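Take a look at the structure below.
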């Protein structure tokens, strides 16, 4: 499914007196580029004021060299790479957001999606608050600079009691970095440390490229503060809930070297591939993984089945089509996304995908392989059939976008697989079941709403729209 689903965003924060925090943030945002490709931004503080730079585009385009962050001085900073789940793709919606209110001024980055943002925004509008963006992230920021409390921790605790949905937050004040995670732990957020500084990131794998040591994850419902005087301070906010981790994180979004609930994504994908081989074997010549997330699963399938694997699909490393919010542009990008090797000709293939959402990218891969001369194709997906929207940070908020829901509405797993095989004119299609996915991940506290299980949060389906705030503003 590489290139079909959009994620919410990537976060980074660092407290490092005496270090070039802006350039360390650039390096870390670049390591999380696959979480958002619409825009990038960095905010820093020197204790007296904020310094902010952001724009649309990739990290390397917004911050092409170390000299491009010379004006971002200070001892602490936060960064954000954006993919829009709420609000249009525009420079005004790129984060971090700088917001002022009765409590002072902050910069904020948000990863996730609120399900009650419309109501909260209307309340703030009635109070006379002027919004400059069309994101749910600004709702959080505007609430925080107006919340009751003696300090930022008390105010954030109040705000976390009001907002509902998926969120990881990095907040820059003039003297500290404050981070928080929703009580369900839907999205990942990890902390690292070394002598003299602390860092926090959506992807723990970025710490492997920094002079830091992974410390732990931010606990669900926890607030963590980094400041020069106390280092790290932890504050419980709301009670952890019994279900929450997004199952899609391990299979698709995360770097293979990143951990979520202590489980490394690459290892989960490898186990998922082994389960595919056990449950849905095929008599073929080669196992082929679809770059990039499908490669580890293909290795697992190959190891379990004894069928050799080969990297026959070549991916343009700068194109993750899933992260383009414009459908017409996505269609054009598919033509630039993949190419193949000549040794495909005459071979029977098992093609291992991480997942199938809209089906556009999968169709493109299949057509490329057939054009290259593959004699037989069996498609295997490590993620179960997706037939429900996600409202918690992945851009698939309507059923009509989901190929399995469109073609197999009301049918069982085997019937949908048979329909898709006929639709793509290939030998067979098989997905892991929900139970097999849970086994591959290795924990049961998961959000499985998109594949027919429980959503982490009770949601009224059909009420959320990505452009909901643009509609409100237009009206």
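Taken over segment 159-178, the residue count meeting the criterion of being out of contact with any strand residue (DSSP E or B) (no Cβ under 7 Å at 6 or more places or on another chain) and in a loop (DSSP other than H, G, I, E, B) is 2. Considering 127, 105, 150, 119, the condition of being within 30 Å of residue 245 (Cα to Cα), at pLDDT 95 or above and out of contact with any helix residue (DSSP H, G or I) (no Cβ under 6 Å at 6 or more places or on another chain) is satisfied by 119 alone. When each of 366, 416, 377 is tested for being in a strand (DSSP E or B) and touching a helix residue (DSSP H, G or I) at 6+ places or on another chain (Cβ under 8 Å), the lone residue that passes is 377. Looking at the structure I just gave you, is residue 21 assigned by TED's automatic domain parsing to the domain that holds residue 206, in contact (Cβ under 8 Å) with a residue 24 or more places away in the chain and over 21 Å from residue 204 (Cα atoms)? No, not satisfied. Taken together, the residues in segment 301-310 that are free of Cβ contacts under 8 Å to residues at least 24 places away in the same chain and part of a loop (DSSP other than H, G, I, E, B) amount to 2. Report the residue count in segment 229-260 for those that are part of a loop (DSSP other than H, G, I, E, B) and free of Cβ contacts under 8 Å to residues at least 40 places away in the same chain. The qualifying residues number 2. Are any residues in segment 245-265 closer than 19 Å to residue 392 by Cβ and surrounded by fewer than 23 Cβ atoms within 10 Å (Cβ to Cβ), and if so, which ones? Correct list: 261 only. How about segment 107-143: which of its residues are closer than 24 Å to residue 48 by Cβ and surrounded by 24 or more Cβ atoms within 10 Å (Cβ to Cβ)? Result: 107, 108, 109, 141, 142. In segment 439-466, of all residues being modelled with pLDDT of 95 or more and surrounded by fewer than 18 Cβ atoms within 10 Å (Cβ to Cβ), the one that is farthest from residue 377 (Cα to Cα) corresponds to 442. Exactly one residue out of 288, 268 is surrounded by 24 or more Cβ atoms within 10 Å (Cβ to Cβ), at pLDDT 95 or above and assigned to a strand (DSSP E or B), and it is 288. Highlighted here are the strands (runs of 3 or more DSSP E) found entirely within segment 179-225 that include at least 2 residues which are assigned by TED's automatic domain parsing to the domain that holds residue 156, under 19 Å from the mean Cα position of the chain (by Cα) and in contact (Cβ under 8 Å) with a residue 40 or more places away in the chain: 190-194, 197-201. Among the candidates 410, 373, the residue that is surrounded by fewer than 24 Cβ atoms within 10 Å (Cβ to Cβ) and at pLDDT 90 or above is uniquely 373.
The values are calculated or read from the model by the stated rules, or taken from the named source; none is laboratory data. A quick note: this is a predicted structure, and the numbers were derived from the prediction, not measured. Note: ideal-geometry Cβ built from the backbone for every residue, glycine included; neighbour counts use all protein chains shown.
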